[in-house]
1. With angles folded into 0 to 90 degrees, how steeply does helix 405-421 sit against the dominant principal axis of the chain? Use alpha carbons for both and round to 10.
2. Need one number: nm distance between label points at Ala246 and Arg63, each 7 Å from Cα along Cα→Cβ, rounded to one decimal.
3. Separation between the Ala414 and Gln372 pseudo-spin-labels, each 7 Å from Cα along Cα→Cβ, expressed in nm?
4. Taking θ as phi - 60°, what are the ³J(HN,Hα) couplings along segment 303-313 by the Karplus curve (6.51, -1.76, 1.60), each to the nearest whole Hz, with x for Gly and Pro?
5. Using a basic spin-label model with each label point 7 Å from the Cα along Cα→Cβ, how many nm lie between Asp321 and Ala203?
6. At a 1.4 Å probe, what is the % contribution of carbon and sulfur to the accessible area of the chain?
7. Provide the FRET efficiency to the nearest 0.05 for the Ala288-Leu347 pair, computing r from the beta carbons and using R0 = 22 Å.
8. Using only the alpha carbons, work out the radius of gyration and Dmax of the chain in angstrom.
Amino acid sequence: MDDQQSKLAQPDRCASSSDDCVAALIDALGGDRVRTGADIPARNMQDACHYAPTRPLALIVPRSTDEVSTALRVCRAHGQPVVVQGGLTGLAGGAHPYAGEIALSLEKMVGIEELDQLSGTLTALAGTPLATIQEAANRAGLLCGIDLGARGSCSIGGNVATNAGGNQVVRYGMTRKNVLGLEVVLADGTVVRSLNKMIKNNAGFDWTQLFIGSEGTLGVVTRVVLGLHPQPGKVCTALVAVDTFADCVALLRAIDHALPGQILVFEAMWKDFMAVATERLGLAPPFAQAHGIVLLIEVAAVDDALEQVLAQAHARGAVRDALVAQSGGDQKRFWQFRESIYEYGRLFPHLVGFDIAIPLDRMEEASAAMRQELATRFAHCVAVFFGHVADSNLHIVAAAQHLDEAGKEEIERAIYRMTAAFGGSISAEHGIGRGKRPYLALSREANELELMRRLKAALDPSGILNQGRVL
Ligand SMILES: Cc1cc2nc3c(=O)[nH]c(=O)nc-3n(C[C@H](O)[C@H](O)[C@H](O)COP(=O)(O)OP(=O)(O)OC[C@H]3O[C@@H](n4cnc5c(N)ncnc54)[C@H](O)[C@@H]3O)c2cc1C
């Protein structure tokens, strides 16, 4: 670890004890905003990463941006490390507290402040659940471009902090592409606000972009302005069987060519994934025989436009079989395959999940090599491959009945090294957090890391915010 890193890892704590900091927080914010000991709910002791629950020193639940500012000013003055919490659905351990940290939760900063139909924008407090935003946009005849499986629990502030991806990135981009404005509180309590609602605004640096995907290390997001989209109209959902990843990409291009910009969802589920869904989780097999890859595709299409593209691909031999949803029930049934991954917790007591990105031209080679590696070195694991492949995003889960921490690390090292060798990224969408921090240098050059450290040091010189995450 070089000097800069060690400086960030050890904030300049003043002589005051942590107890003094908690007392000062209660004094400044009132007892109902600061919880300690047994009053801290179990929920705030972990995120979705399943590390051992850890009780933070205290939990702050501010109701306003001013209160976030006051809380950070007090913590900064005491050199007190703070972990920021949104909906706690993060899969990189970023919001999971370390012992001795104070958790600052946005859970009470909830609400949509404005839905501007003329501008097509929505302004919300950072703790607002994504589903609440999606529903409000729908009621107004518009659509929020961000969607992910955790929609009911994750917060828009957490989505911004992680630059969340999800199901519709192929059409609407990552969270970054949907954000027009932000309000952020810096580590010293300074409130920086640009609640911009305009698509064009080149008046100086767009500093808001710096905070998107910074995982709470640079500041606390308190308000978000999103650009909304027109609703896509009729959505056509299909399950399509292909033999190879090359066929999968050829179909992606063919649909995009026939229906430009209309693909909403393009999810790949390899044979091993479908085997767990059907044989272990009991879903009825969609096709008479197993195929190399099953795709879940959604397209905004009129009449039988998607069927026509699929029929042409079938005639060329690029598609083996296909089902097009004829009802909402079919649509739900098709999605059950993709969402079967959320049932793994009850099936496998131990698992390691990967959220990597691989350039599309190397995906076939990389997935085959990784499957081979897992099968030969970790034969006791069930390995499944799936993902938002139109965005180069590959998810892998290696699951087993017994897998200790050392075993998990060995699997992680193997897959992350191979990811780097194939020119990929160790995080496509979930972020680095605590879990992937040791591997960040596999995906970033030394000068990039140095620039990140400089930015961190400039915005949070005492290193109190989300210490030990990302950098
Ligand atoms: C079932 C399931 C499905 C998922 N699917 C996807 C998916 O498809 N795509 C995807 O990208 N992710 C997915 N995730 C991961 C997760 O939902 C996202 O990372 C989400 O954006 C996290 O939001 P959150 O509010 O829960 O954040 P948290 O888990 O509370 O926090 C995540 C990180 O952001 C920081 N943070 C939170 N709020 C703020 C704030 N207001 N200001 C500054 N920093 C903050 C935290 O410190 C932490 O580092 C999934 C998770 C689950 C459980």
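1. The angle comes out at about 70 degrees.
2. Result: 6.4 nm between the two label points.
3. 1.3
4. Once rounded to whole Hz, the list reads 6, 10, 4, 5, 4, 4, 4, 5, 5, 5, 5.
5. 6.0
6. Values: 10180 of 19990 Å².
Exposed carbon and sulfur together represent 51 percent of the surface.
7. Efficiency, rounded to the nearest 0.05: 0.30.
8. Reported Rg and Dmax, both Å: 23.0, 75.
The values are calculated or read from the model by the stated rules, or taken from the named source; none is laboratory data. Not measured: the values here are computed from a predicted model. FYI the Cβ positions are ideal-geometry reconstructions off the backbone, even for glycines, and counts take in every protein chain you see. Each accessible area value is taken on the protein alone, full model and side chains, heavy atoms only, with ligands, DNA and RNA left out. Shrake-Rupley method; radii C 1.70, N 1.55, O 1.52, S 1.80 Å.
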